[in-house]
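The values are calculated or read from the model by the stated rules, or taken from the named source; none is laboratory data. Remember, predicted model here, so these are calculated numbers, not experimental data. Cβ sites come from the backbone with ideal geometry, for glycine too, and all protein chains shown count toward neighbours.
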């Protein structure tokens, strides 16, 4: 009946509203009833009362079915009684009236069952649509997974939409003053030839916005042109031209295309954030590289005059320029010490620049096998005189420990730890230096200094942070951490219950040391 109604009244949309169903059905019922009352009993008109009952099938719900069935039966009874009183009671007429009543009841039952079947079919179609929708969106999310910039998003979206919609081709590009521009992507189905690209071309007006006569779709952002052969969708970009999606001959319903467009919109918004982040990172990397180059050049160029200055002062102390008064010698000795401090700073700046540029982090084992015990012995020997000047005793307990790495860098890491311990130890204090080789090589430096405040320990190994009571460059412990990490190790700080500071440097043992 639904197909018949659509054929007879193509302009009306089904299902009809409840008000329309009742109006038409009651009108039809009254017309049939009036005809039945005015015609002889021998003319079987009562069966037509079932038509008003069947009309309930065209409604949005089945609530009118049983009331109309009751009215149809009642109308049959009224017409039968009236005709019987007028024309007399005849067995044939009574039989025809009974058949009319049964017809109305049968049509009512069949209409109700058809309604139930229609509702179940509609529910099955809805469930199938939901499954298709969820499967489509899940597949789209998988295809669009991972961090994407806008160019990557456009390429991935075009390919994903080609698979999801079954289109012969999908083209995605940015619209700038009615011209399709980059970011742009065009993909075609394997069983179709390559599609013509619209990149750099002026788009028709119907491609830029929904025409007034375009086919309706569930979303305003999706519309059809070219007789429904091409579907278009727009993805909004707040700071630039929108992205236009052009699908040629898609096989999926337009509603599914609209769902896919809605799912892509938040993903596109995240790509703008990622592009901004990448641009910021690139700018920071460029600035960081420039700063490292400046530090490297400054430190490298600073070493030459400092070393020349040190040679001249040492020569003067040896009498190369004649005898010197005691106050001049003291001044030269202070100058030499300050010069050594500047040379050490220049060296640390060079190492920091190298490690932060990644120059020395990829192959820490290129230096070969290094005995950490020998490195620490050299450091202690160089610092023992300074420790004696401060009345600090250095005690050592060193085991042989082979590690893979660069001797110069490992020496700098160990020197920073021991030098700090001597620097912050009180007069009469003791610095204990140990090296152990168990599962890993461990250098421990313990001193009796004031320690690091608890609120400063979290930043102790960060750049330009001096954790002790005295002033420093803030590079020593930071550089020690970078060297340790580059060699696969770590460095940490602890405070013992006996109020001693302990710095521990751990490094992996070299393969020869593991098998020894």
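Helices (runs of 4 or more DSSP H) wholly in the range 59-174 with at least 3 residues that are within 30 Å of residue 265 (Cα to Cα), touching a helix residue (DSSP H, G or I) at 6+ places or on another chain (Cβ under 8 Å) and at pLDDT 85 or above - which ones? First the steps, then the outcome.
On the way: elements: 65-87, 91-143, 150-165.
Answer list for the range 59-174: 150-165.
For the range 175-208, how many residues meet the condition of being touching a strand residue (DSSP E or B) at 6+ places or on another chain (Cβ under 7 Å) and part of a strand (DSSP E or B)? Number satisfying all stated conditions: 12. Among the residues of the range 440-456, those that are in a loop (DSSP other than H, G, I, E, B) and without any contact (Cβ under 8 Å) to a residue 60 or more places away in the chain comprise 448, 449, 450, 451, 452, 453. Only one of the numbered conditions (1) surrounded by 14 or more Cβ atoms within 10 Å (Cβ to Cβ); (2) farther than 30 Å from residue 276 by Cβ; (3) modelled with pLDDT under 85 is violated by residue 222, and that is (2).
Taking the stated definitions as given, is residue 458 surrounded by fewer than 19 Cβ atoms within 10 Å (Cβ to Cβ), in the same structural domain as residue 389 (by TED's automatic domain parsing), out of contact with any helix residue (DSSP H, G or I) (no Cβ under 8 Å at 6 or more places or on another chain) and modelled with pLDDT under 85? Outline the logic, then answer.
Numbers: surrounded by fewer than 19 Cβ atoms within 10 Å (Cβ to Cβ): yes; in the same structural domain as residue 389 (by TED's automatic domain parsing): yes; out of contact with any helix residue (DSSP H, G or I) (no Cβ under 8 Å at 6 or more places or on another chain): yes; modelled with pLDDT under 85: yes.
Criteria met by residue 458.
For the range 464-516, a residue qualifies if it is assigned to a helix (DSSP H, G or I) and at pLDDT below 80, and the qualifying residues are 512, 513, 514, 515.
Would you check if residue 22 is out of contact with any helix residue (DSSP H, G or I) (no Cβ under 8 Å at 6 or more places or on another chain) and either modelled with pLDDT under 80 or not in a loop (DSSP other than H, G, I, E, B) (or both)?
Taking the combined requirement at face value, the residue satisfies it.
I need a count of the residues in the range 232-283 that are part of a loop (DSSP other than H, G, I, E, B) and within 16 Å of residue 174 (Cβ to Cβ). Steps first, please.
Going through the range 232-283, the residues part of a loop (DSSP other than H, G, I, E, B) turn out to be 236-242, 249-253.
With within 16 Å of residue 174 (Cβ to Cβ) added as a condition, the list becomes 236-242.
Qualifying residue count, the range 232-283: 7.
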